[in-house]
Amino acid sequence: MSRKPAGIDHVHAAAAPMAGLTAWQYLIDLGHSEPNPFQAEKHRPVPLDGKSVLVNGAAGGVGHLAVQLAKWKGAHVIAVASSKHERFLRDLGVDEFIDYTKSAPEDVVRGVDLVLDTFGGPTTGRFLRTLKRGGALFPVYPLGFSGADEAAKLGVTVSATQVRSNGSQLAELGRLFEHDKVRVAIDSTFALADAQKAHERAARGRLQGKIVLTIA
Ligand SMILES: NC(=O)c1ccc[n+]([C@@H]2O[C@H](COP(=O)([O-])OP(=O)(O)OC[C@H]3O[C@@H](n4cnc5c(N)ncnc54)[C@H](OP(=O)(O)O)[C@@H]3O)[C@@H](O)[C@H]2O)c1
């Protein structure tokens, strides 16, 4: 029996496209051959079944979908977020939770196969030491990464991509929503006329899932 009230699928599917495709293209299948503005090599997702995957920024738009896709593919998932998201993320099925305001994940985790860092930016290189040799660091916001030499020394692949629209991937995501394998969390909802308030909510951060704009 579905847990969702009538009509919610449409809202969920509509709330998720870019974040869902981002998680999909980083983790499951790139699905396009557009030039990558961040790196010469094509981004290649890595196997997830039976692997350990740490997701930083796990409660956000990309992160909460990424943890579910990684679980769906059979990974052991370590979610990193602030404490208010712990229950939410455990409900989504994560195996471990780290509150980054209490302990630095890069100091307490070792030997994982993959780090998906949705927070990213110049600090993403701190996760290199969290990975095993042969592991991969995928910064979703890769600008500012400066650890290429250290990554080469540690035998870690660092790779990013820029999301592209993809109808067949959206259809596959839609099927996962339909069958309750993946769900989209709604952080907050605003009428289109209040779009400014939605931007203000986004600017405050600490999002849990996606912001929805409704059209009457
Ligand atoms: N490469 C691409 O094609 C692509 C596509 C989409 C998005 N992006 C980029 O990816 C990033 C994430 O997007 P999003 O939509 O998922 O953002 P979001 O919904 O705003 O989520 C960001 C999450 O980061 C967490 N966070 C904030 N400070 C943190 C810290 N110091 N350490 C760990 N987590 C922290 C927040 O949760 P807490 O409450 O736990 O702090 C929040 O849930 C953005 O920079 C966006 O521009 C890139």
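Ranked highest first by average number of other Cβ atoms within 10 Å, how do 206-212, 22-28 line up?
Working: 206-212: 19.0, 22-28: 22.7.
Top of the packing list down: 22-28, 206-212.
Direction-averaged projected area, Cα convex hull, the chain: 12.4 nm², rounded to one decimal. Each part gets one Cα centre, and for segment 40-55 versus segment 144-182 those centres are 7 Å apart.
For the chain, what is the relative contact order in percent, using Cα pairs closer than 8 Å and at least 6 residues apart in sequence? Let's see the in-between values first.
On the way: 408 pairs, mean separation 47.6, N = 216.
Worked out over the chain, it gives 22 percent.
Pop out the carbon and sulfur fraction of the accessible area of segment 10-158 as a percent, whole number, probe 1.4 Å.
Looking at segment 10-158 in its full context, I get 52 percent from C and S.
Ignoring lysines fewer than eight residues from Lys42 along the same chain, the ones with Cα atoms less than 29 angstrom from its Cα are Lys51, Lys71, Lys73, Lys132, Lys153, Lys181, Lys210.
Full extension of the chain segment joining Leu192 with His32 gains 54.4 nm, where the gain is 0.36 nm per residue of separation less the Cα-Cα distance.
Approximating the spin labels as points 7 Å out from Cα along Cα→Cβ, the Lys42-to-Arg110 distance works out to 3.7 nm. Across the options Ser146, Thr101, Leu131, the greatest Cα extent toward the positive end of the charge dipole of the chain (unit charges at beta carbon of Lys, Arg, Asp, Glu) belongs to Thr101. Average accessible surface for the chain: 51 Å² per residue, computed with a 1.4 Å probe over protein heavy atoms with every protein chain in place. Over the C-alpha trace of segment 22-61, radius of gyration and Dmax come out as 11.9, 31 angstrom. Each label was represented as a point 7 Å from its Cα along the Cα-to-Cβ direction; for Arg175 and Ser146 these points are 4.6 nm apart. The HN-Hα couplings worked out from phi for segment 168-184 by the Karplus form 6.51 cos²θ - 1.76 cosθ + 1.60 (θ = phi - 60°) are 6, 5, 5, 5, 5, 4, x, 5, 5, 5, 4, 9, 6, 7, 9, 10, 9 Hz, whole numbers, x standing for Gly and Pro.
With helices as the sole contributors, the chain gives -9000 deg cm²/dmol at 222 nm; each DSSP H run of n ≥ 4 counts as -39500 (n - 2.57), and the sum is divided by every residue.
The values are calculated or read from the model by the stated rules, or taken from the named source; none is laboratory data. In this text the structure is predicted, and so the values were computed from the model without any measurement. Glycine gets a Cβ as well: all are built from the backbone with ideal geometry, and neighbour counts include every protein chain shown. Just so you know, the surface numbers come from the protein's heavy atoms only, side chains and all, with ligands and any DNA or RNA stripped out. Shrake-Rupley method; radii C 1.70, N 1.55, O 1.52, S 1.80 Å.
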